[in-house]
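The structure appears below as structure tokens.
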Ligand SMILES: NC(=O)c1ccc[n+]([C@@H]2O[C@H](COP(=O)([O-])OP(=O)(O)OC[C@H]3O[C@@H](n4cnc5c(N)ncnc54)[C@H](OP(=O)(O)O)[C@@H]3O)[C@@H](O)[C@H]2O)c1
């Protein structure tokens with residue numbers, strides 16, 4: 001294996017790098033400065049003569065609220081960037097691994113399988129759908145949807161909540177938003193199992209579902225926060241982007257392919273916090 005990793009400063013990329021280091025897998029990490037995925041010719045030149053076996057795309061525009069105004073940038077990175085990688089991975093005859101989100105769905109149906117049709121309700125979701133459409137031209141590819149990703153990073157809910165808890169005595173967290181927290185380490189392991197058996201296709205990979213409030217309760221308990229946590233509703237916060245209330249990704253197809261059953265959100269959150277804090 002010789003793997004090109006894009007968006008290598010992001011949280012998912014960091015978990016891949018840790019896995020590759022542990023397993024002695026040859027990889028080339030690139031960030032937005034070294035390899036901007038919106039630049040088709042740059043990627044072509046970068047790949048020439050390199051004989052990569054896989055490209056793992058961890059590059060993304062993930063600022064959900066900002067994307068409402070800055071949608072052209074979101075569409076460029078999450079849409080055209082994926083087109084560029086699809087074109088170049090086909091030309092270089094290597095496998096492409098790309099990640100999408102539960103925000104490609106509205107939440108109307110609440111639980112979604114890989115057979116469901118996308119119906120995004122915000123610009124970020126639209127940009128990821130665009131990426132999924134472009135991804136369809138990939139000859140050897142894995143498209144993996146995930147949700148509420150957390151791990152070694154600062155832009156995820158766990159890190160943000162801990163940061164808020166250090167500044168505030170009272171926190172209000174919504175109890176009507178439900179999805180599945182996903183530990184980057186588990187997502188990497190499940191992805192690598194698919195790669196090992198060349199099971200190209202579409203997958204949903206997450207840990208088990210939780211509501212935002214119960215997830216916060218467990219996190220704050222683990223770090224022994226002595227403030228007060230109260231309940232709120234999504235409607236209390238006037239955020240620029242609409243979000244699906246309940247968007248659970250059903251993992252049908254994963255255990256059937258690799259035998260992997262994903263762990264519970266409680267187990268992975270506790271494991272992450274005990275190792276980290
Ligand atoms: N985070 C979540 O909760 C979540 C949920 C569902 C799905 N996902 C998906 O999972 C994947 C990994 O997400 P993540 O949380 O690891 O993301 P992340 O931590 O935000 O990392 C994304 C990285 O991509 C880089 N990047 C942005 N534009 C780029 C460009 N044009 N070329 C190359 N690199 C670029 C960013 O650099 P800068 O910081 O310098 O811009 C950042 O380092 C993404 O596809 C994401 O959409 C994430």
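The values are calculated or read from the model by the stated rules, or taken from the named source; none is laboratory data. These numbers come from a predicted model, not from an experiment. In this analysis, Cβ positions are derived from the backbone assuming ideal geometry, glycine residues included, and neighbour counts consider all displayed protein chains.
Criterion first (outside any loop (DSSP other than H, G, I, E, B), more than 14 Å from the ligand (Cβ to nearest atom), modelled with pLDDT of 95 or more and buried (at least 16 other Cβ atoms within 10 Å of the Cβ)) does residue 194 satisfy it?
Against the criterion (outside any loop (DSSP other than H, G, I, E, B), more than 14 Å from the ligand (Cβ to nearest atom), modelled with pLDDT of 95 or more and buried (at least 16 other Cβ atoms within 10 Å of the Cβ)), residue 194 qualifies.
List the number of the failed condition for residue 112; all other conditions in (1) more than 20 Å from residue 190 (Cβ to Cβ); (2) out of contact with any helix residue (DSSP H, G or I) (no Cβ under 6 Å at 6 or more places or on another chain); (3) more than 11 Å from the ligand (Cβ to nearest atom) hold.
(1)
Identify all residues within segment 139-168 that are part of a loop (DSSP other than H, G, I, E, B) and under 13 Å from residue 212 (Cβ atoms); write none if there are none. Spell out how you get there, then give the answer.
Looking only at segment 139-168, we keep the residues that are part of a loop (DSSP other than H, G, I, E, B), and these are 139-140, 147-148, 151-156, 168.
Selection gives 147, 148, 156.
Would segment 88-95 turn up any residue that is surrounded by 15 or more Cβ atoms within 10 Å (Cβ to Cβ), within 16 Å of the ligand (Cβ to nearest atom) and in contact (Cβ under 8 Å) with a residue 40 or more places away in the chain?
Scanning segment 88-95 turns up at least one residue that is surrounded by 15 or more Cβ atoms within 10 Å (Cβ to Cβ), within 16 Å of the ligand (Cβ to nearest atom) and in contact (Cβ under 8 Å) with a residue 40 or more places away in the chain.
Which residues, taken from segment 63-94, are part of a loop (DSSP other than H, G, I, E, B) and more than 25 Å from residue 195 (Cα to Cα)?
Looking only at segment 63-94, we keep the residues that are part of a loop (DSSP other than H, G, I, E, B), and these are 63-65, 69-70, 92-94.
Correct list: 63, 64, 65, 69, 70.
If you go through segment 1-54, how many residues are closer than 14 Å to residue 81 by Cα and in a strand (DSSP E or B)?
2
Filter segment 16-36 down to the residues that are touching a helix residue (DSSP H, G or I) at 6+ places or on another chain (Cβ under 7 Å) and within 8 Å of the ligand (Cβ to nearest atom) and list them by number.
35, 36
For the structure I just gave you, tell me whether residue 276 is at pLDDT below 95 and either under 19 Å from residue 109 (Cα atoms) or surrounded by fewer than 18 Cβ atoms within 10 Å (Cβ to Cβ) (or both).
Working: at pLDDT below 95: yes; either under 19 Å from residue 109 (Cα atoms) or surrounded by fewer than 18 Cβ atoms within 10 Å (Cβ to Cβ) (or both): yes.
So residue 276 fits the description; yes.
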